[in-house]
1. Counting just the residues of the stretch 1-13 that are surrounded by fewer than 14 Cβ atoms within 10 Å (Cβ to Cβ) and closer than 16 Å to Ala54 by Cβ, which one comes out modelled with the highest pLDDT?
2. Just checking, which of Leu36, Leu48, Leu19 is over 8 Å from the mean Cα position of the chain (by Cα), among the hydrophobic types (A, V, I, L, M, F, W, C) and not in a helix (DSSP H, G or I)?
3. Could you please tell me which pairs satisfy a Cβ distance under 7 Å, a separation of 6+ or placement on different chains, a first residue in the stretch 17-38 that is surrounded by 13 or more Cβ atoms within 10 Å (Cβ to Cβ), and a second residue that is acidic (Asp, Glu)?
Amino acid sequence: MSKPTTDQRPLKVKDVAALLDVHVATVYREIEAGRLHAIRVGAGRGTLRIPRPAYDAYVSSAGTAPAAEAA
C-alpha cells in the first residue's frame, strides 16, 4: 500500500478555514449544514477531515449559490 501524496490527503478543518479565509466555526457550520462533506477519523469524538474532492466540489459550487443563501 502506497502512502498518499500531499494532494490526496484529506484537509483539516483549520486548513480549510485558512484556504477560504474564514473562521473555523464557519467551516463547522458548512459541514453541519451538509454543504461541505467531512469524515470523522479516530475513536470517541474523533476529528473531522475534509476529502480533497469534497473541498474542490464545495469551492466550485460556492459561486453558484443564490444571494439569499450567501448572506
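The values are calculated or read from the model by the stated rules, or taken from the named source; none is laboratory data. This structure is a prediction, so every number in the text was calculated from the model and none was measured. Counting neighbours? That spans all protein chains shown, and the Cβs are built from the backbone with ideal geometry, glycine included.
1. The residue in question is Arg9.
2. The conditions single out Leu48.
3. Close Cβ pairs satisfying both conditions: Leu36/Glu30.
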